[in-house]
Amino acid sequence: MKLLSRALAAPQQALRRRIAGAAARSFSVASGPTLGVQAAVDDDAPVDPKLILRPEGVDKAKPQFSLDKELPGLPQLRPASQLQAPETEITTLPSGLRVISHETYGQAATLGIFVDAGSRYEDASEVGVTHLLEHLGFKSTTTRSHAELVREIEDIGALTTASCGREQIIYTIDVLRDNAERALELLADSVLHAAFVPEEIDAIKTIMMYQTEDLLENPQALLQEYIHLAAYGQAQALGRPLQCPVDQIERITIDTVQQFRRKHFVAEKMVLAGSGIDHQTLVRLAEKLFARVPRASSANTALPAVTYHGGLHAIENRDAPFSYVALAFPTGGWHDDDLVPVCVLHTLLGGGDSFSAGGPGKGMYSRLYTSVLNRFYWVESAFAFSSIHSDVGLLGIYGAGAPNHTSNLVALLCNQLLHLANFAVDPTELQRAKNQLKSSVLMNLESRMILYEDIGRQLLTYGQRESPEAVCAKIDQVTAEDLQRVLLQAMQHPPSLVYHGDLRRFPQYEHVQKGLQEGLSKQPMAP
């Protein structure tokens with residue numbers, strides 16, 4: 001063993017001598033560095049760090065700056081009080097493309113294109129096209145390969161994202177302010193000149209397949225996806241899933257994608273938005289880079305009317321660790337007068353998981369925490385959700401609980417909505433919900449990315465941007481009677497239900513519907 005120990009130690013000692021010798025040749029100290037290091041090598045003793053940590057000429061190599069004097073070459077900045085107050089500015093180009101921006105006076109900008117198209121615009125032959133278009137963003141163009149595009153994006157330190165929804169498709173690029181022009185040129189090339197390379201399309205289809213399969217392993221996301229199917233039915237585009245079903249992915253052809261783009265990627269249905277950029281600069285670049293955006297044809301691309309049905313969609317999974325439920329009722333859309341009361345209801349219900357770090361602002365005083373999560377140990381999670389579209393919407397509750405309490409879970413969620421519909425909300429609880437909603441709006445808008453998304457979506461939806469002050473004023477005007485009226489009105493319709501788990505444990509849809517009707521009739525609406 002001693003021989004083995006010496007054999008292992010010998011190479012280490014030799015390496016140590018070489019390192020120390022190299023250090024002695026490369027560095028200089030005040031008095032006899034070479035002798036000091038050599039002595040350490042000869043004695044096989046630790047080398048004093050002071051002998052090797054000061055390279056020769058270090059004082060000459062690094063200029064010393066005074067901490068009480070201004071550094072040379074810094075730009076002269078004006079105090080914020082001398083800057084023009086940021087405003088949302090809108091310009092419509094001759095092509096019909098709308099440009100909207102909001103200055104932040106920061107060093108980075110977020111830019112992107114919003115397209116008034118999504119899965120709701122797909123007909124039966126186009127199912128999955130918007131899902132594919134999401135992944136087609138920032139791929140090969142007619143002027144650049146995918147590798148070249150990625151290299152140029154990385155050269156300017158930009159970040160790109162693409163997302164699709166039921167009514168909008170968004171392509172975004174986040175970049176340093178000085179590189180905004182190059183970023184916009186890459187964005188325009190990607191959006192307007194997609195190459196549709198067959199190999200890339202095949203790779204995208206593989207990704208789509210994995211995404212859809214992964215969705216099946218996420219009950220929370222799965223139920224919020226299928227609640228649309230329960231509410232609107234498979235025959236209506238709004239009822240079909242946002243992500244393309246696996247059995248329909250291979251049916252998507254390049255011709256179908258190109259045809260969809262020709263219908264919807266037109267100037268009148270597109271918005272160029274930017275936060276953290278001067279408006280005149282953005283307009284000038286838009287006129288240069290987006291001048292060839294095609295105009296809309298005479299074909300009508302208006303959304304068809306949607307009819308709410310309600311009903312049950314059940315997903316069998318006897319191995320699921322919990323029973324999962326989603327319950328929803330119809331509301332108005334983005335243009336409805338009761339939009340803000342619906343948002344206040346959503347906030348008031350709140351909710352979350354059975355474990356929370358707690359603390360101010362976490363919603364621990366929301367209705368679903370105080371009445372559900374803090375009282376019933378077998379509830380794993382419970383939270384409110386809303387899905388708002390241009391003309392219709394859904395407001396509901398999602399819950400997960402122990403399988404042996406499945407029926408109790410469904411009844412518990414129903415009772416939370418019944419109580420809100422039958423009894424007026426306490427003034428303190430109402431004010432807390434309104435304050436929390438206003439706080440969420442204002443704090444989120446401090447983010448450059450969220451500000452960009454807000455102005456882009458609003459212009460596409462409303463044709464203008466409503467100021468945060470106006471939104472907060474509407475929130476302040478909501479009363480307890482508004483909440484009660486809106487929810488009672490919604491619950492006059494058949495419920496939309498999604499079950500996931502051991503279906504033998506869930507109550508029948510007819511029993512739930514009857515229980516809700518009886519619950520509404522037992523208690524008169526408060527005066």
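All of the numbers you see were taken from the coordinates with simple rules; none came from a lab. Not measured: the values here are computed from a predicted model. Note: ideal-geometry Cβ built from the backbone for every residue, glycine included; neighbour counts use all protein chains shown.
Computed from label points 7 Å out along Cα-Cβ, the spacing between Asp214 and Thr479 is 4.8 nm.
Amide H to amide H, with H built 1.01 Å from N, Phe385 comes under 5 Å of Gly396, Ile397, Tyr398, counting only residues 5 or more places away or on other chains. Report, as a whole number in µm² per second, the diffusion coefficient that Stokes-Einstein gives for the range 358-424 at 25 °C and 0.890 mPa s using the Kirkwood radius over alpha carbon pairs. The Stokes-Einstein estimate is 187 µm²/s. Counted by Cβ distance under 10 Å from Pro341, the other residues give a net charge of -3, where Lys and Arg count +1 and Asp and Glu count -1.
Across the range 411-418, rounded Karplus estimates of 3J(HN,Hα) from the backbone phi angles (6.51 cos²θ - 1.76 cosθ + 1.60, θ = phi - 60°) give 5, 5, 5, 4, 5, 5, 6, 4 Hz, Gly and Pro being marked x. Available extension along the chain between Arg318 and Leu159 is 53.0 nm, counting 0.36 nm per residue and deducting the alpha carbon span. The length gained on full extension between Asp123 and Leu176, counted as 0.36 nm times the residue separation minus their Cα-Cα distance, comes to 15.1 nm. Extending 7 Å from the Cα toward the beta-carbon at both Asn404 and Leu445 defines two label points whose distance is 5.1 nm. Ranked by the mean number of other Cβ atoms within 10 Å of their residues, highest first, the peptides 449-460, 338-349 fall in the order 338-349, 449-460. For Gly311, the residues whose modelled amide H falls within less than 5 Å of its own, excluding neighbours fewer than 5 places apart on the same chain, are Ser496, Leu497. On the beta carbon distance between Thr142 and Arg78, with R0 = 30 Å, the FRET formula returns roughly 0.10.
Once the Cβ-Cβ distance of Met364 and Leu303 is raised to the sixth power relative to R0 = 45 Å, the FRET efficiency obtained is 0.70.
Cβ-to-Cβ counts within 10 Å put Ser407, Ser366, Ser323 in ascending order as Ser407, Ser366, Ser323, the fewest first.
Were the residues from Asp353 through Asn435 laid out at 0.36 nm apart, the gain over their Cα-Cα distance would be 27.3 nm.
For Ile156, nonlocal amide neighbours, meaning residues 5 or more places apart or on other chains whose placed amide H falls under 5 Å from its own, do not occur. Remark: for residue pairs Lys205/Lys288; Lys434/Lys514; Lys139/Lys263; Lys269/Lys474, the C-alpha separation exceeds 24 Å in Lys205/Lys288; Lys434/Lys514; Lys269/Lys474. Using R0 = 35 Å, the C-beta based FRET efficiency linking Glu185 and Glu466 works out to 0.65. Using a/c under 1.5 as the rounded threshold, could you call the range 77-202 rounded, prolate or oblate? The axes a ≥ b ≥ c are square roots of the C-alpha gyration tensor eigenvalues, and prolate needs a/b larger than b/c, oblate otherwise. Since a/c reaches 1.5 but b/c is at least a/b, the shape of the range 77-202 is classed as oblate. Taking a ≥ b ≥ c as the square roots of the eigenvalues of the Cα gyration tensor of the range 311-522, is the shape rounded (a/c under 1.5), prolate (a/b larger than b/c) or oblate? Prolate shape, in that a/c is at least 1.5 and a/b is the bigger ratio. In order along the range 481-489, the phi-based Karplus estimate (6.51 cos²θ - 1.76 cosθ + 1.60, θ = phi - 60°) of 3J(HN,Hα) comes to 5, 4, 4, 5, 5, 5, 5, 4, 5 Hz; Gly and Pro are listed as x. With both labels modelled 7 Å from their Cα along Cα-to-Cβ, the Gln64 to Ile207 distance reads 5.5 nm. The alpha carbon centroids of the range 421-489 and the range 312-348 are separated by 18 Å. Note on Val283, Val478, Val486: ascending count of other Cβ atoms within 10 Å places them as Val283, Val478, Val486, the fewest first. Our coupling estimate for the range 470-475, obtained by passing each phi through the Karplus curve with A = 6.51, B = -1.76, C = 1.60 and θ = phi - 60°, is 5, 5, 5, 5, 5, 5 Hz, Gly and Pro reported as x. The ranking of Leu497, Leu71 by Cβ neighbour count inside 10 Å, starting from the fewest, reads Leu71, Leu497.
For the range 213-244, the residues whose backbone nitrogen is under 20 Å from a point 7 Å from the Cα of His335, taken along Cα to Cβ, are 237-239.
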